[in-house]
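A.B. asks: Take a look at the following structure, please.
The values are calculated or read from the model by the stated rules, or taken from the named source; none is laboratory data. Computed from a prediction, not measured in an experiment: that's the story for all the values here. Here the Cβ is made from the backbone with ideal geometry for all residues, glycine too, and neighbour counts use every protein chain on show.
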């Protein structure tokens, strides 16, 4: 194997993994990778906060896999995965599994354990293939653990991706029980379980909830507003609530984005919005609650391939979504929650590229945006639509 020399070597990353990254033209560690790779190679449990699109998935996967391969791997004697990654959504779990497959060249089995997938097939796969890595959402992981089909006696690394979402109200009960089971099963291991929790907006509350797993873990942080300020331009377009759909359509016609992700909040029926846009002959797909796994995958595949240029989604569905080439993110509603704004904006301006975050809002939402502008240290540029073009308002 050809030896690849790049800046990852100073972090202790092996030539094999350095070469894999070089294949994607990744030769320089990002800020978060420089921050967390060394502690994880030393098998230290950490919590880290980093903006989306900064390479955090490789930041935890590579050190975990490298440490696992440093110890003898004997599949027949394993009692379960050596690495378990827990994430909140089907889309994020699938993305993480794809990255693991990429790093391992398909030479080791990786199980995707998510809801809305045949349970018996997952049970058979766990028994037959003895996966080195498992990736799943808390509900399905908990069910398999309670059935005795998912064993943690060989677990060396546990990763909680989008940890704030995993400990939110809708997931808290399942996550708490899963943590209790993992803690009980790994207490008497010959090695210390290494736990990593991460998100763009991980909080002190998250750390408190995960205390049984993360007692004494160090909190590592990057500047969460760096990408918001330096790689993403922020626009504001005023629109009365009743005219937002038409304003959105006019905006898309004026800008003609390569790929636009539109967030429709709880006040919107995303399905009706998609239908209204399709009537206007816009290549749009939707991603929201109530959709089956097949329909969700088809929507993402169409958007990823460019067959659809617009994806309309709820916040829950798009959390952690990583699709290259999103040039514009559009919010049709705006809360006062800065974490929501950070996660939405983080869908663009990824992997060193630039992007645009657009808020289409009424008078109340424009005031909220002004507050967020100060909190986040960003500059919001007002825009106006007129005659099919987008203008900067006259001073």
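A.B. asks: Restricting to region 126-150, what's the tally of residues that are over 18 Å from residue 60 (Cβ atoms) and either outside the structural domain of residue 183 (by TED's automatic domain parsing) or outside any helix (DSSP H, G or I) (or both)?
C.D. replies: 5
A.B. asks: Looking only at residues in region 137-149 that are touching a helix residue (DSSP H, G or I) at 6+ places or on another chain (Cβ under 9 Å) and over 18 Å from residue 88 (Cα atoms), which one is surrounded by the most Cβ atoms within 10 Å (Cβ to Cβ)?
C.D. replies: Restricting to residues being touching a helix residue (DSSP H, G or I) at 6+ places or on another chain (Cβ under 9 Å) and over 18 Å from residue 88 (Cα atoms), the top hit is 149.
A.B. asks: Identify all residues within region 104-125 that are in a loop (DSSP other than H, G, I, E, B) and crowded, with 18+ Cβ neighbours inside 10 Å; write none if there are none.
C.D. replies: 108, 109, 114 - these are the residues of region 104-125 that are in a loop (DSSP other than H, G, I, E, B) and crowded, with 18+ Cβ neighbours inside 10 Å.
A.B. asks: For region 194-213, indicate whether the set of residues that are surrounded by fewer than 18 Cβ atoms within 10 Å (Cβ to Cβ), out of contact with any strand residue (DSSP E or B) (no Cβ under 8 Å at 6 or more places or on another chain), at pLDDT 90 or above and in the same structural domain as residue 49 (by TED's automatic domain parsing) is non-empty.
C.D. replies: no
A.B. asks: Same structure, new question: How many residues does region 274-313 contain that are under 15 Å from residue 263 (Cα atoms) and outside any helix (DSSP H, G or I)?
C.D. replies: 11
A.B. asks: Right, another one. Any residue in region 240-247 that is modelled with pLDDT under 95, in contact with a strand residue (DSSP E or B) (Cβ under 9 Å, 6 or more places away or on another chain), within 30 Å of residue 31 (Cα to Cα) and crowded, with 18+ Cβ neighbours inside 10 Å?
C.D. replies: Within region 240-247 (the criterion being modelled with pLDDT under 95, in contact with a strand residue (DSSP E or B) (Cβ under 9 Å, 6 or more places away or on another chain), within 30 Å of residue 31 (Cα to Cα) and crowded, with 18+ Cβ neighbours inside 10 Å), the answer is no, since none of the residues qualifies.
A.B. asks: Looking only at region 126-136, count how many residues are buried (at least 22 other Cβ atoms within 10 Å of the Cβ) and either within 21 Å of the chain's Cα centre (by Cα) or free of Cβ contacts under 8 Å to residues at least 12 places away in the same chain (or both).
C.D. replies: Total meeting the criteria: 4.
A.B. asks: Looking at (1) in contact with a strand residue (DSSP E or B) (Cβ under 6 Å, 6 or more places away or on another chain); (2) more than 23 Å from residue 217 (Cβ to Cβ), which one does residue 16 not meet, given that it meets all the others?
C.D. replies: Looking at each condition in turn, residue 16 falls short on (1).
A.B. asks: Let me ask something else about it. Considering only region 328-372, how many residues are in contact (Cβ under 8 Å) with a residue 40 or more places away in the chain, assigned to a helix (DSSP H, G or I) and closer than 13 Å to residue 232 by Cα?
C.D. replies: 4
A.B. asks: Okay, moving on. Between 324, 257, which is touching a strand residue (DSSP E or B) at 6+ places or on another chain (Cβ under 7 Å), in a loop (DSSP other than H, G, I, E, B) and within 18 Å of residue 349 (Cα to Cα)?
C.D. replies: Going through 324, 257 in turn, just one is touching a strand residue (DSSP E or B) at 6+ places or on another chain (Cβ under 7 Å), in a loop (DSSP other than H, G, I, E, B) and within 18 Å of residue 349 (Cα to Cα): 257.
A.B. asks: Tell me the strands (runs of 3 or more DSSP E) entirely within region 151-241 that contain at least 3 residues that are without any contact (Cβ under 8 Å) to a residue 40 or more places away in the chain.
C.D. replies: none
A.B. asks: Looking only at region 378-395, count every residue that is assigned to a loop (DSSP other than H, G, I, E, B) and either surrounded by fewer than 12 Cβ atoms within 10 Å (Cβ to Cβ) or free of Cβ contacts under 8 Å to residues at least 24 places away in the same chain (or both) and tell me the total.
C.D. replies: Total satisfying the criteria: 7.
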